[in-house]
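Here is the structure we will look at, set down as structure tokens.
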Amino acid sequence: MLSYYLLNRSGDAVKNYADYYDTTVARNIANTAVDLTLRQLRDNSSWRDGFEGVSFNDGILSATLTDTSIGGSNYIKIAATGEYNDHSKTIVVLVEAVGFVPNGVRGSITANSDVRTLGTLQIDGREHTIDLTLIPNSGTFGISTTGTYSHGGELRCGGYCS
């Protein structure tokens, strides 16, 4: 009788673990759908097509996008679903629709070479309101380079120059 009970309980434990594993993989696929959606939005802020039934990692991912407003702010609602072995997980993400910077752009001027400035150039990577009021703690670099940066002339740089 004891052997029967132990065998029965161990079968339940294996089933619980398999369900946990399948649910975790479904959640990871849904996270991937969110990442893919955010990449698309970085390149095209008006993209709302989403995708349905895309095969991924022995599972299926889908995402739908809708515009919504909460408390006077505009958001893009992403509902991403991952499916794996009859398990499904949906993740909902709200992204504030404030403008997007393409991946790889690190500043107002981004270069993979040396940068030297001269003259009276004004560069500002910080965010401003429509009436040119500075938004504190926002924005990006004024100049970003993987090479060396040489400051010359009377350059004014808003945000960091690196």
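List of remarks:
- Unmet requirement for Ser62, which otherwise passes all of (1) open to solvent by 30 Å² or more (accessible area, probe 1.4 Å); (2) hydroxyl-bearing (Ser, Thr, Tyr); (3) more than 15 Å from the chain's Cα centre (by Cα): (1)
- When segment 119-135 is limited to residues that are assigned to a loop (DSSP other than H, G, I, E, B) and closer than 22 Å to Arg106 by Cβ, the one that is least open to solvent (accessible area, probe 1.4 Å) turns out to be Gly125.
- Counting residues in segment 31-38 that are modelled with pLDDT under 80 and open to solvent by 70 Å² or more (accessible area, probe 1.4 Å) gives zero.
- Qualifying positions in segment 65-94 - more than 21 Å from Val25 (Cβ to Cβ), under 19 Å from the mean Cα position of the chain (by Cα) and open to solvent by 80 Å² or more (accessible area, probe 1.4 Å): Asp67, Asn74, Lys77, Leu94
- Residue match in segment 46-56 (condition: out of contact with any helix residue (DSSP H, G or I) (no Cβ under 8 Å at 6 or more places or on another chain), assigned to a strand (DSSP E or B) and either of a type in the set (D, E, K, R) or open to solvent by 90 Å² or more (accessible area, probe 1.4 Å) (or both)): yes
The values are calculated or read from the model by the stated rules, or taken from the named source; none is laboratory data. Not measured: the values here are computed from a predicted model. Ideal geometry is used to build each Cβ from the backbone, glycine not excepted, and the neighbour counts take in all protein chains shown. Side chains included, ligands, DNA and RNA excluded: accessible areas come from the protein's heavy atoms. Shrake-Rupley method; radii C 1.70, N 1.55, O 1.52, S 1.80 Å.
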